[in-house]
1. Any residue in the range 63-83 that is more than 11 Å from GLN31 (Cα to Cα) and modelled with pLDDT of 85 or more sitting within a Cβ distance under 9 Å of a residue that is in a strand (DSSP E or B) and β-branched (Val, Ile, Thr)? List the pairs, counting only those 6 or more apart or interchain.
2. Pairs only if they're at least six apart or on different chains, beta carbon under 7 angstrom, first in the range 130-155 and closer than 16 Å to VAL111 by Cβ and of a type in the set (Phe, Trp, Tyr), second at pLDDT below 80 and surrounded by fewer than 14 Cβ atoms within 10 Å (Cβ to Cβ); list them, first residue then second.
3. Just to be sure I understand, how many residues within the range 149-191 are part of a helix (DSSP H, G or I) and under 13 Å from the mean Cα position of the chain (by Cα)?
4. May I ask you to verify whether GLN175 is free of Cβ contacts under 8 Å to residues at least 40 places away in the same chain, open to solvent by 100 Å² or more (accessible area, probe 1.4 Å) and in contact with a strand residue (DSSP E or B) (Cβ under 6 Å, 6 or more places away or on another chain)?
5. Counting only residues that are open to solvent by 30 Å² or more (accessible area, probe 1.4 Å), assigned to a strand (DSSP E or B) and not acidic (Asp, Glu), how many does the range 59-94 have?
6. Which residues, counting only those in the range 44-56, are loosely packed, with under 12 Cβ neighbours inside 10 Å and either at pLDDT 90 or above or in a loop (DSSP other than H, G, I, E, B) (or both)?
7. If you check ASP148, ASP122, ASP170, which single one turns out to be under 21 Å from GLY82 (Cβ atoms) and at pLDDT below 85?
8. For the range 96-140, how many residues are hydroxyl-bearing (Ser, Thr, Tyr) and open to solvent by 70 Å² or more (accessible area, probe 1.4 Å)?
Amino acid sequence: MRPLTAASALPRQERFDVDPEPTPFTVRASQKVHGGLAIGAALVAIGFAASGSATPTGVLRWIAAGAFAVLAVVCARALTVGDMLVADDVGIRLRIGSEWVGTRWEDIEEVTVLQRRHPLDDGRIAVHLQDPGPVLGAMPSSARKKTDANRRLTGSSLAVPFGLTARPSDSEVVQALHMLADARCPVREQL
């Protein structure tokens, strides 16, 4: 005999009406890609530094070693960044530099998703606010410079790429965001 639980005490047709809680959607840096690039750039930097000398060619090798060392540090830093975008049933939060910018679904005019067209292409999630002034105005000047550059490059101040170097938690990006938005704002695919 089965034990009686709250769910089993309900009539059969009412047991399956419970909607599952929506799963948060995230975009985060790809650990494998950034780790591989950091290790590879560090090894190349060591190789150039080991062959550097005071000759003109040797000085160029020192410069190349420095450039690859900087690349290794940038890629290693990307390993510590974590999430770049988090969407849940409340709204969307994006990381711009070291600052988080968040907004509720009700304050978003629309979310557009540009899908990846080929393996070396990046997709993009752009958040278009109904009134971006207060949100962007409250940001520090360093983050505002990044949002201005982002607007010139992508057409939206609040956009996050995904693809080779950043991975979404769900491959069906439009569908996952649409489920979280729950008709509070449109989520559409950009063609």
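1. That search, which allows pairs on different chains as well, returns ASP83/THR26; ASP83/VAL27.
2. Once the first residue is closer than 16 Å to VAL111 by Cβ and of a type in the set (Phe, Trp, Tyr) and sits in the range 130-155, no partner that is at pLDDT below 80 and surrounded by fewer than 14 Cβ atoms within 10 Å (Cβ to Cβ) comes close enough.
3. Residues meeting the conditions: 1.
4. no
5. Matching residues across the range 59-94 total 2.
6. Selection gives ALA50, SER53, ALA54, THR55.
7. ASP122
8. Total satisfying the criteria: 1.
The values are calculated or read from the model by the stated rules, or taken from the named source; none is laboratory data. Note that the structure is a prediction, hence the values are computed from the model and not measured. Note: ideal-geometry Cβ built from the backbone for every residue, glycine included; neighbour counts use all protein chains shown. With ligands, DNA and RNA removed, areas are computed over all heavy atoms of the protein, side chains included. Shrake-Rupley method; radii C 1.70, N 1.55, O 1.52, S 1.80 Å.
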